[in-house]
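A short write-up of the structure that comes next.
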Amino acid sequence: ETLGNFQVKRGSDVIPSNGWRREKSRQLFQLLVTYRQYPLDRDQICEHLWPEADLATAQRNFKITLNTLYQVLEPDRDPGKDSAFIVRDGTTYTLRLHADLWLDSDQFVRLTRDGIKPTSSSMKLLESAVNLYHGDYLPDSLYEPWAAEERERLATLFLEAADKLCELYLGENRFNEAI
């Protein structure tokens, strides 16, 4: 869950806030989720997460943080084996394209895009999208510049979905729902 709350489930178990072991491992995962379509170079990640640190210190911090993240996401994974979630290619990292991940933000975008197209199921799709949007994207990273663009994009989509849904409600004289 990334909308209105950040929560990760490993199977049916929620990773508690102290289960990340390091704040930066949670932030690294959030960064990889935010840039899931684009591989990030290790130095880019270091610049996002440790902007004040010199490069050598940031790279050392990254290595520790990445290993911690592996342990949090896949506690039974043998060290040295490929991660089911994170792909490393040289010095670039990204989330595995077909990993077993469900993101509320991706589902929200799909529902919104499908619902805005005029079809017989538009209202139901937009209702589902609006109900899925529980608030800002990664609200615990509100002041992180790397999350701002995605937060604004999703907020704009939410307004479009809500506006279109109200338009559909008004077209059917469902004034209470529109309000």
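No lab work stands behind these numbers, since they all come straight from the coordinates. All figures in this text were calculated on a predicted structure; none of them were measured in a lab. We place every Cβ from the backbone using ideal geometry, glycine too, and count neighbours over all the protein chains shown.
A few points about this structure:
- Looking only at the stretch 1-50, and only at residues there that are β-branched (Val, Ile, Thr) and within 17 Å of Tyr70 (Cβ to Cβ), the one that is surrounded by the most Cβ atoms within 10 Å (Cβ to Cβ): Ile45
- Considering residues of the stretch 15-35 that are without any contact (Cβ under 8 Å) to a residue 60 or more places away in the chain and touching a Ser or Thr at 6+ places or on another chain (Cβ under 7 Å) only, the residue nearest to Gly90 (Cα to Cα): Leu28
- Here Tyr133, Tyr137 are screened, and the one residue that is over 25 Å from Leu40 (Cβ atoms), under 13 Å from the mean Cα position of the chain (by Cα) and in contact (Cβ under 8 Å) with a residue 60 or more places away in the chain is Tyr133.
- The residue list Tyr70, Tyr93 contains one member that is farther than 30 Å from Val130 by Cβ, among the aromatic types (Phe, Trp, Tyr), touching a Ser or Thr at 6+ places or on another chain (Cβ under 7 Å) and surrounded by 12 or more Cβ atoms within 10 Å (Cβ to Cβ), which is Tyr70.
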